[in-house]
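Down below is the structure, laid out as structure tokens.
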Amino acid sequence: MAKKLMKGSEAIGEAAVRANCKLFFGYPITPQNEIPEYMSHRLPQVGGTFVQAESEVAASNMIYGAAGTGERVFTSSSSPGISLMAEGISYLAGSELPVVLVNIMRAGPGLGGILPSQADYFQATKGGGHGDYRLLVLAPWSVQEAADLVQDAFDLADFYRNPVMILGDGLIGQMMEPVEFKENRVPCKPLKPKDWAATGCKGDRPTNIINSLFLDPQVLEYHNQKLKAKYDTMSRDEVRFTEYGTGDDYDLLIVAYGTVARVCSTAIEDLREDGIKAAMVRPISLFPFPYEAVRRAAKKAKAVLVVELSCGQMIEDVQLALEGSRPVHFYGRQGGMLASPEEVAQKAKEVLAGTSQEVRHA
Amino acid sequence: MQNDVIMAGFGGQGVLLIGKMLAYAGMHQGKEVSWLPSYGPEMRGGTANCTVVISDRTVGSPVIQCPRAVVAMNLPSLEKFESSIKPGGLLLINSSLIAKEPGRTDVKVLKVPANDIANDLHNPKGANMVALGAYLGATHAVALEEMEALVRETFASKPKVVEANIAALRRGYELGEEGMK
Amino acid sequence: MPETVFSRPEALQQVTTHYCPGCTHGVIHRLVGEVVDELGLRERTVGIAPVGCSVLAYNYFATDFHEASHGRAPAVATGVKRARPDLIVFAYQGDGDLASIGMAEIMHCANRGEKVTVVFVNNAIYGMTGGQMAPTTMPGQIATTCPLGRDVSLAGWPIRMAELISTLRTPAFVARASVHAPLYTVNAKAMLKRAFQYQVEGTCFSIVEILSTCPTNWGLPPAEATAWLEDNMLPYYPLGVFKTPGGEDRAPLPLGGRIGASHAK
């Protein structure tokens, strides 16, 4: 298929359709309304179903019901809506159901604002809902990558029987860029029959029960350990990242994800023109986080700079990765303000000149 | 080689549309492009604006704080973005609606009476096309032929609109080229 | 040769339930099981279990099941039915689940006209959590969170869900029945059967509210609980069909008023 200029929101919707997802349940919230709007006209064209739920709470439970039948299903929302979906997400993880969730992050806390943010990193990667669970979290930095990751997300969700979250920001949703959908795409994971699905109990087969209730603590502990083993497998097999400029020498390593990493890539170019050598590791999977890649890349650097549209969340994973071996600095914008290449370059210069304060925990 | 521009004006002046057309034409010409609108409360009422990047390489930041060019279709847009232009960059002003003299002396100022030209061409809605043409004439960010082809494609169902907009585009392009001489 | 005259429905598992003595959940399970059997639906039925006393319903029905979070069974049912319209989907919910935390989900599920069936068990109290006040608790009724009895000036009046849902314009089958005495139970089964039939035919959303006893949390022996239901709940929660998809919204009560239950007083 030829390249098409698409809004990120539409590309995400189209990618889901191309991943053979025929079901969408969601609730309006800015800045991701283009996704449900796109699905509401696109799904009927392919024999699918779009339902506007009465709330995000209901939407998260509708996808839970739909996923229990083994059909591919997806929803999208933005930060306050994801908080409401936390109930359904916890149950989806506990019941080991495959769904794809999109969070187009906006600034918080509370009602916050409607402009881009990365302040839901903790919520996405460390929990959000109750109980010991993990989502696979993928963060695109371009519209094309958003389209590719959404399609991969359905395969990963099916393979692991686990919810997968696409964590984007307002920029990814609103931006238009060329997108190409490959014909005859091969799934990124082998797909198994969904013999666990609740689709009617034929003949003598035991009933299939979609459930996360285990009143016997020994049974629940076994279930928790089984989930943990699955998350460990993801941590081993599903780490995704890219490196930028790490082939050359550099004094500063930048770690950033999503569209902020785009800003940083321009900053790195600008810095090189000024004779300052910087490189970047961009995590694509936020859970699992590319600890080893960050650790390895930091060895060539004198210092590490983390850039986020938050007060500093991913920085904790970077610090875990480095185990104190390099000073870690932070540059963040909040409230929906964007970081510019000039600001990042300025901060990078301060870090290398020794005029920036290292982030340490008292 | 990278061209980037912020196009700004009142909602309804069609600045988001010409920004998209610029991105489309750039893509058709084999360039890497991004189009980023302002959104939210800004969208309603005040100024609408979008940032377009056209590059020979993968587009880095789609957010441009200091653009190489600004197209200001109204006074609030001029006041908002004039100071951000890169030194040596281009400030394209719709002089039909902006009487104020810009203060920058380190950028190339190009005044185009876009609304007057559009009215003269009996295409009062085509001021945005005049401005787009002028931007192309001044920067050659995308070839004029590529943009004309896109206009034909975009307004295919309305042949009169196609011809009127191409006339507006060409007139703007001439002014843009002349202005840079 | 001995002849089997009474057996468990195939749609129920051969297990003992955890329900308290005198609780009518077991009766209602059986009625649902019989209806599913009689309509030949077992192999294409998916039940949705709530949070409440019937949280373990999936252990008692011999159909595929889906556990829901508190109040969300109608949303889960919507997801299942929209994903697989060929399945027969029923949600089984109590009054705290449906009329309190799940009010939005039940109303919107009904209003969208989802082709699912809801079995709504109203026993005027939170059972599983230990006898707290429900939206359906009767005025003056004592519960652990209204130890002096429900004060309607503070807690409002009990919510009549069947009446509330029947105000929606969307076609639906809405009925209220009771299982506190045999003849009522026969009627309750007939209502459930109509409800499931409407779903089989793809006609409309259907809900049957069934009045039920909770001797444990009411603090009454089973026989007295039955009488309490008849004396206190029946006058406030009238039985009958409140809405049918054809539009004859308030059909006459099928039982013509009160029918003698075995009064223990």
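We did not get these values from a lab; they are worked out from the coordinates using the rules stated. Remember, it's a predicted structure, so these values are computed and weren't measured experimentally. Cβ atoms come from the backbone with ideal geometry, glycine included; neighbour counts cover every protein chain shown.
Rounded, prolate or oblate: which fits the stretch B:99-147, taking a ≥ b ≥ c as square roots of the Cα gyration tensor eigenvalues, rounded meaning a/c under 1.5, else prolate when a/b beats b/c? It is oblate, given that a/c is not under 1.5 and a/b is not larger than b/c. Database remark: amide H of C:HIS18 closer than 5 angstrom to no amide H (H placed geometrically; neighbours at sequence offset of 5 or more, or on other chains; Pro and chain starts carry no H). From helices alone, the protein assembly as shown scores -11000 deg cm²/dmol at 222 nm; the rule is -39500 (n - 2.57) for each run of n ≥ 4 DSSP H residues, then divide by the residue total.
Each part reduced to its alpha carbon centroid, the stretch B:116-142 and the stretch B:80-100 end up 16 Å apart.
Distances between every pair of Cα atoms in the stretch A:235-288, grouped in 10 Å steps from 0 to the bin holding the largest one, split as 26, 49, 20, 5 percent.
Classified by the C-alpha gyration tensor, the stretch C:20-91 has an oblate form. Its axis ratio a/c, with a ≥ b ≥ c, is 1.5 or above, and a/b does not exceed b/c.
Per residue and in cubic angstrom, what volume does the convex hull of the Cα atoms of the stretch B:81-181 have? Present the calculation step by step, with values, prior to reporting the outcome.
Numbers: hull volume 9.9 nm³, N = 101.
Hull volume normalised by residue count: 98 Å³.
Overall size of the stretch A:242-353 from C-alpha positions, given as principal axis extents largest first: 34, 33, 23 Å. Span-like helix check, chain A: qualifying full DSSP H segments, with Cα axial length of 20 Å or more and mean Kyte-Doolittle of 0.0 or more, are A:79-94, A:143-160, A:259-273.
Write out the GluC sites (Glu not before Pro) in the stretch A:244-348 meeting two conditions: DSSP loop, and at most 12 other Cβ atoms within 10 Å of their Cβ.
Hits after loop and neighbour filter: A:GLU323.
Here the contact order of chain A, divided by its residue count and restricted to Cα pairs under 8 Å and six or more residues apart, works out to 17 percent.
In summary, the stretch C:93-169 shows an alpha-carbon radius of gyration equal to 1.15 times the 2.2 N^0.38 Å reference for compact globular proteins.
On a C-alpha basis, how far is the centre of the stretch A:328-358 from the centre of the stretch C:158-229 in Å? Whole number, if you could? Measuring centre to centre over Cα atoms gives 64 Å.
The trypsin sites (Lys or Arg not before Pro) of the stretch B:1-89 that DSSP puts in a loop, and whose beta carbon has at most 11 other beta carbons within 10 Å, are B:ARG44, B:ARG57.
Based on alpha carbons, the Rg and Dmax found for the stretch B:2-180 are 14.8, 44 Å. Summarising the amide proton neighbourhood of C:LEU211: residues at separation of 5 or more, or on other chains, whose placed amide H is nearer than 5 Å comprise C:ASN122, C:ALA177, C:SER178, C:VAL179.
Using a simple spin-label model with pseudo-atoms 7 Å out from Cα toward Cβ, B:LEU17 and B:GLU178 lie 2.5 nm apart. Taking a straight line from the alpha carbon of A:LYS228, these lysines sit under 22 Å away, with near neighbours fewer than eight places off in the same chain left out: A:LYS126, A:LYS189, A:LYS192, A:LYS194. Normalise the Debye intensity by I(0) for the stretch B:17-106, one equal point scatterer per Cα, no solvent, then take log10 at q = 0.19 Å⁻¹ and round to two decimals. Once normalised to I(0) and log-transformed, intensities are -0.97. For B:SER95, the residues whose amide H sits under 5 Å from its own are B:VAL112, B:ALA114, ignoring neighbours fewer than 5 places away on the same chain, with H placed 1.01 Å from N. Highest GNM mean-square fluctuation among C:THR24, C:THR226, C:THR129, for chain C modelled with Cα contacts below 10 Å: C:THR129. When chain B is treated as a Gaussian network with alpha carbon springs shorter than 10 Å, the biggest mean-square fluctuation among B:SER34, B:SER157, B:SER84 belongs to B:SER157.
Across the stretch A:1-119, how large is the tail of the calculated P(r) beyond 23 Å, expressed as a percent of all Cα pairs?
The proportion of pairs with Cα distances above 23 Å equals 27 percent.
A straight line joining the Cα centroids of the stretch C:19-74 and the stretch A:212-278 runs 44 Å.
Largest first and in whole Å, the equivalent-ellipsoid semi-axes of the protein assembly as shown read 60, 31, 23, each the square root of five times a Cα gyration tensor eigenvalue.
Sort the stretch A:73-230 into rounded, prolate or oblate with this rule: let a ≥ b ≥ c be the square roots of the eigenvalues of the Cα gyration tensor; rounded if a/c is under 1.5, and if a/c is not under 1.5, prolate when a/b is larger than b/c, oblate otherwise. Note, shape of the stretch A:73-230 comes out oblate. Within the set A:LYS202/C:LYS193; A:LYS4/B:LYS80; A:LYS277/B:LYS86, which residue pairs have Cα atoms separated by over 28 Å? Flagged as over cut-off: A:LYS4/B:LYS80.
How high is the relative contact order of the stretch A:242-353, in percent, counting Cα pairs under 8 Å that sit 6 or more residues apart?
Once normalised by length, the contact order is 31 percent.
Under 37 °C and 0.692 mPa s, how fast does chain C diffuse according to Stokes-Einstein, given a Kirkwood radius computed over C-alpha pairs? Answer in µm²/s, whole number. Calculated translational D: 179 µm²/s. In percent, how large is the relative contact order of chain B, given Cα pairs closer than 8 Å and 6 or more residues apart? With pairs under 8 Å counted, the relative contact order is 20 percent. Note that chain A, at 10 °C in a medium of 1.306 mPa s, gets a Stokes-Einstein diffusion coefficient of 75 µm²/s from its Kirkwood radius over C-alpha pairs. Straight Cα distances below 13 angstrom link C:LYS115 to the aspartates and glutamates C:ASP86, C:GLU201, with same-chain residues fewer than 8 positions distant left out.
Comparing A:CYS201, A:CYS311, A:CYS21 in a Gaussian network model of chain A (Cα springs below 10 Å), the most mobile by mean-square fluctuation is A:CYS201.
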